[in-house]
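S.K.: Sharing a structure here in structure tokens format.
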Amino acid sequence: MNKPQEKNYMRSRASLISVVIALLAVVSSASSTAPWQAIPKPKADAISGAWDAVLTSQENTAQITLKLKLEGAKVTGSSESSHLGDGAISDGSWASNKLKITVETRHGPLALTGALRNGKLAGEWDMGQMQGKWEAKKKTSAAKGAKEATSASEYSMAPEIDSPAGAGSVDPNLSVGTDGRFYLSWLEPIRPKGYALKFAVRSRGGAWSTPRTITQGENRFDSSILALPDGSLAAYWLTKSGPGMHANDVNLSISRDGGRTWGDVIVPHRDRTPAARGFVSMIPANRGIAIVWLNGRKMTGGDPDAAGHGSAEKSRAGAFQHTGDDDHQHTGGNDHQRTGGDQGAAGHDPAASEMGMSLMYTMIGLDGTLDKEILLDGRVCECCQTSSALTPDGMAVVYRDRSEKEVRDISIVRLTNGRWSEPQPLSKDGWEIRGCPVNGPAISSAGQNVAVAWFTSARDQPRVYAALSVDGGATFGPQILVGEGSPVGRVDVIALTSGNAFVSWVERTPGGVEVRARVVRPDGSRASVIVVTESSSGVPRMKMSGDEVVIAWMDSRNVRKVRTAILRMTGN
């Protein structure tokens, strides 16, 4: 290459380099300012996950957990609800920030439509003859986990025993007879539609018996069994009584031959208005059955005198009067009365209580005769479980109360020497919540030792507590923190003769939920946590016979089924 050619080549190369540098500068400048530089990442799925929803109507409220899964524009999943039952989610869609799903419930299909606003899903629901509003909040991650332990090695596991319940079974409950045998009841689906209420028996150290059927039909839900001292059995279940979502009747039957045959249906409530009833607890008492339930007759505008309750003005006039003669005697000879008027419902205003859910009590003789109904509290939480226990001088009932300011803490009423006390606050958590959390307390007794367990989420801090009594529930020691990690609640409790208590609850974990249990002591100390199972829905139940504790729960993995496990209590 001669010198002129070399010069031209160098000039061309320099020009090319300048052009490249200039282009790079332009690209660099554009990349820092052009809108196409920050290519938006695909938006995260805002729908998939678990949502805690509250359904509201003029009649009532109900809680349900929606487990949603978004695939493209299609939404599937499942639901869990102590009141509506568990079911599948179908016909779901998600488009333009709007959700549409159908949830299968024990009352029929529930259609939900809504939109996502400010992190909450909200809209309208429809069950055919009932409609209302709903709102849901996504469950927070449980990654922070349980503070009581950091690894599974810190837990001990409960050994599972073969369950007699079949596939699809739900709603387990337990009772123990005077002979020490365990009775397990549950609901099991039948074809083509409906449920059968079944039970099985287990002796200590043995296996469950072949199941027997108590009742079956299209209209059976929320049930339990009770072993009575004379060897008789009692069972209750709910049936629909009207078109409303919560219109139910309580049904009870007694078997005098170990469950081979069952007597006629007994309805403990006198009024037959299509109203919300349920959350029954029953115990053997005075050679009969003491039964407590929630009654929503006043919430549906029924006749205020239909069940002998009387009006607020009547109740203010003097001692509370009930249907039946004033000198009416229960089996056993005690006249069970309320001390004071209707306003004794934990300081509730009688006028406000006129439209509230009521806590009711009656006695049922083994021959099926009904004693008079007694109002224990005129305004309580609408759909939280009640719980009852015998005490040396009567019985005690615990429940979630409801103030006019929507504070829903735990209260207790006691039957002592034939007279019911006024409701007294057992907890003072200050949990203010607009709807019912479907999360009631549990009570148990062992002689004078009484134990109560409950859940609260006051100040958005979920906690499980227990309180212990050594005088039959007249007084309680300081409340004991049982679980503080990420508890869901759904508690049960067993009072021990030592004065300690064994408490179970459901805990949310990064992998789902666990049923946990532990011993708590009057001095506030706690034993190590026991993990019963790593999958559960509904409310797990426990009973103790000798040194054996049987725990029953509904497993939601793969095929839904009631399962059981056994623990041995030594040195507690």
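S.K.: Do we have any residue at all in the range 385-397 that's in the same structural domain as Ala275 (by TED's automatic domain parsing), among the charged types (D, E, K, R) and more than 16 Å from Ser445 (Cα to Cα)? Give the steps one after another, and end with the answer.
M.R.: Filtering the range 385-397 for residues in the same structural domain as Ala275 (by TED's automatic domain parsing) gives 385-397.
From the residues that got through so far, the ones that are among the charged types (D, E, K, R) too are 393.
Then drop every residue that is not more than 16 Å from Ser445 (Cα to Cα), which leaves none.
No, there is no match, as no residue in the range 385-397 is in the same structural domain as Ala275 (by TED's automatic domain parsing), among the charged types (D, E, K, R) and more than 16 Å from Ser445 (Cα to Cα).
S.K.: Also, quick follow-up: Which condition number does Ile433 fail, the rest of (1) among the β-branched types (Val, Ile, Thr); (2) in contact with a Leu (Cβ under 7 Å, 6 or more places away or on another chain); (3) at pLDDT below 95 being met?
M.R.: If we test Ile433 against (1) among the β-branched types (Val, Ile, Thr); (2) in contact with a Leu (Cβ under 7 Å, 6 or more places away or on another chain); (3) at pLDDT below 95, just (2) comes out false.
S.K.: Does Phe455 qualify as being over 21 Å from the mean Cα position of the chain (by Cα) and hydrophobic (A, V, I, L, M, F, W, C)?
M.R.: On the way: over 21 Å from the mean Cα position of the chain (by Cα): no; hydrophobic (A, V, I, L, M, F, W, C): yes.
Against the criterion (over 21 Å from the mean Cα position of the chain (by Cα) and hydrophobic (A, V, I, L, M, F, W, C)), Phe455 does not qualify.
S.K.: Another question, if that's okay. Applying the selection to the range 186-223, what residues are without any contact (Cβ under 8 Å) to a residue 60 or more places away in the chain, part of a loop (DSSP other than H, G, I, E, B) and of a type in the set (A, V, I, L, M, F, W, C)? Steps first, please.
M.R.: Quick first cut of the range 186-223, residues without any contact (Cβ under 8 Å) to a residue 60 or more places away in the chain only: 187-198, 200-201, 203, 206-207, 209-220, 222-223.
Still in the list and also part of a loop (DSSP other than H, G, I, E, B): 190-194, 203, 206-207, 209-211, 218-220.
Those that are without any contact (Cβ under 8 Å) to a residue 60 or more places away in the chain, part of a loop (DSSP other than H, G, I, E, B) and of a type in the set (A, V, I, L, M, F, W, C): Ile190, Ala207.
S.K.: Looking only at the range 240-265, count every residue that is buried (at least 19 other Cβ atoms within 10 Å of the Cβ) and either more than 30 Å from Ser57 (Cα to Cα) or not assigned by TED's automatic domain parsing to the domain that holds Ala200 (or both) and tell me the total.
M.R.: So the answer is 5.
S.K.: For the range 494-508, indicate whether the set of residues that are polar (S, T, N, Q), within 24 Å of Ser388 (Cα to Cα) and either touching a Leu at 6+ places or on another chain (Cβ under 7 Å) or not in a loop (DSSP other than H, G, I, E, B) (or both) is non-empty. It would help to see each step written out before you state the result.
M.R.: Restricting attention to the range 494-508, the residues satisfying the condition of being polar (S, T, N, Q) are 497-498, 500, 504.
Still in the running and within 24 Å of Ser388 (Cα to Cα): 497-498, 500, 504.
Filter once more, so that each one left must be either touching a Leu at 6+ places or on another chain (Cβ under 7 Å) or not in a loop (DSSP other than H, G, I, E, B) (or both): 504.
Yes, there is a match, as at least one residue in the range 494-508 is polar (S, T, N, Q), within 24 Å of Ser388 (Cα to Cα) and either touching a Leu at 6+ places or on another chain (Cβ under 7 Å) or not in a loop (DSSP other than H, G, I, E, B) (or both).
S.K.: When the range 101-121 is examined, which residues are found to be outside any strand (DSSP E or B) and over 21 Å from Cys436 (Cα atoms)?
M.R.: Kept after step one, since they are outside any strand (DSSP E or B), are these residues of the range 101-121: 106-107, 118-119.
Within the range 101-121, Asn118, Gly119 meet the criteria.
S.K.: Scan the range 515-539 for residues that are of a type in the set (S, T, N, Q) and in a strand (DSSP E or B) and jot them down.
M.R.: Step one: of the range 515-539, the residues of a type in the set (S, T, N, Q) are 525, 528, 533, 535-537.
Within the range 515-539, Thr533, Ser537 qualify.
S.K.: Another question, then. Looking at (1) at pLDDT below 95; (2) assigned to a strand (DSSP E or B); (3) buried (at least 16 other Cβ atoms within 10 Å of the Cβ), find the lone condition where Glu124 falls short.
M.R.: (3)
S.K.: In addition: Can you name every one of the strands (runs of 3 or more DSSP E) wholly within the range 356-403 that holds 1 or more residues which are in contact with a helix residue (DSSP H, G or I) (Cβ under 9 Å, 6 or more places away or on another chain)? Talk me through it step by step, then tell me what you get.
M.R.: Values: elements: 357-365, 374-380, 387-391, 394-400.
Output list reads 357-365, 374-380.
S.K.: Check Val398, Val407, Val413, Val450 and return the single one that is surrounded by fewer than 22 Cβ atoms within 10 Å (Cβ to Cβ) and either β-branched (Val, Ile, Thr) or within 16 Å of the chain's Cα centre (by Cα) (or both). If you could, list the steps in order and put the result at the bottom.
M.R.: On the way: Val398 fails: surrounded by fewer than 22 Cβ atoms within 10 Å (Cβ to Cβ); Val413 fails: surrounded by fewer than 22 Cβ atoms within 10 Å (Cβ to Cβ); Val450 fails: surrounded by fewer than 22 Cβ atoms within 10 Å (Cβ to Cβ).
Exactly one residue qualifies, and that residue is Val407.
The values are calculated or read from the model by the stated rules, or taken from the named source; none is laboratory data. Small disclaimer: the values here were computed from a predicted structure and weren't measured. Backbone-built Cβ (ideal geometry, glycine too); neighbour counts: all protein chains shown.
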